[in-house]
1. Quick test for you: out of K151, K129, pick the one residue that is among the charged types (D, E, K, R), assigned to a loop (DSSP other than H, G, I, E, B), out of contact with any strand residue (DSSP E or B) (no Cβ under 7 Å at 6 or more places or on another chain) and over 22 Å from D56 (Cβ atoms).
2. Go through V82, V66 for me and flag whichever is touching a helix residue (DSSP H, G or I) at 6+ places or on another chain (Cβ under 8 Å) and not in a loop (DSSP other than H, G, I, E, B).
3. List, please: which pairs have Cβ atoms under 9 Å, are six or more places apart or on different chains, and start with a residue in the stretch 140-152 that is under 28 Å from V91 (Cα atoms) and free of Cβ contacts under 8 Å to residues at least 12 places away in the same chain and end with one that is surrounded by 10 or more Cβ atoms within 10 Å (Cβ to Cβ) and not aliphatic (A, V, I, L, M)?
Amino acid sequence: MSSNLPIDPKRNRQEPFGEIMKSMNDFFNEKPVKGFLQTIDEFFKSPFPPSSFHVDVTETDREHIVAAELPGVKKEQIHINVIGNYLTISVNRDETISEQNETTKSFRRRQSIQRTSRTIGFDQPINEKKVKASYKNGLLEIRIPKLKGKKIIIDAE
């Protein structure tokens, strides 16, 4: 019988979960939860930093020249490995940022670790003892001498 009663729109009805929703909203807008949620938002804006860096490989008669653009990278963060005929350039960036706010008496520390690498294959083994590398103004240059083989003369019949 009650289902046949008309609903009065002027009547002030409270939401059945109004107080719970208000409490949840207050919870998510207060610290430390708000700061945590902002950190998650920042992560999803750019979850995957650039995974690589630009590398150019040129060749002369005597050597291969590998140039890698690494702006903002310190020399200590760069590692070069040679295995067989492969050259791998790795960059390890570890950064810690600390912020202290005197008015809100809060302290925030953020740490990011980024590891990127590029591997370049060559057609012949690399003599790692003769490889030369230099780093200046964000440009890594690696010079790899070509191995000299013995020239074979073909006999005429």
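1. None of the other options fit; the residue is K151.
2. Being touching a helix residue (DSSP H, G or I) at 6+ places or on another chain (Cβ under 8 Å) and not in a loop (DSSP other than H, G, I, E, B) holds for just one of V82, V66, which is V82.
3. Final answer for the pair search is none.
Since every read-out is calculated from the coordinates, none of them should be taken as a lab result. None of the values given here were measured: they were computed from a predicted structure. Reconstructed Cβ throughout: ideal geometry from the backbone, glycine too, with neighbour counts over all protein chains shown.
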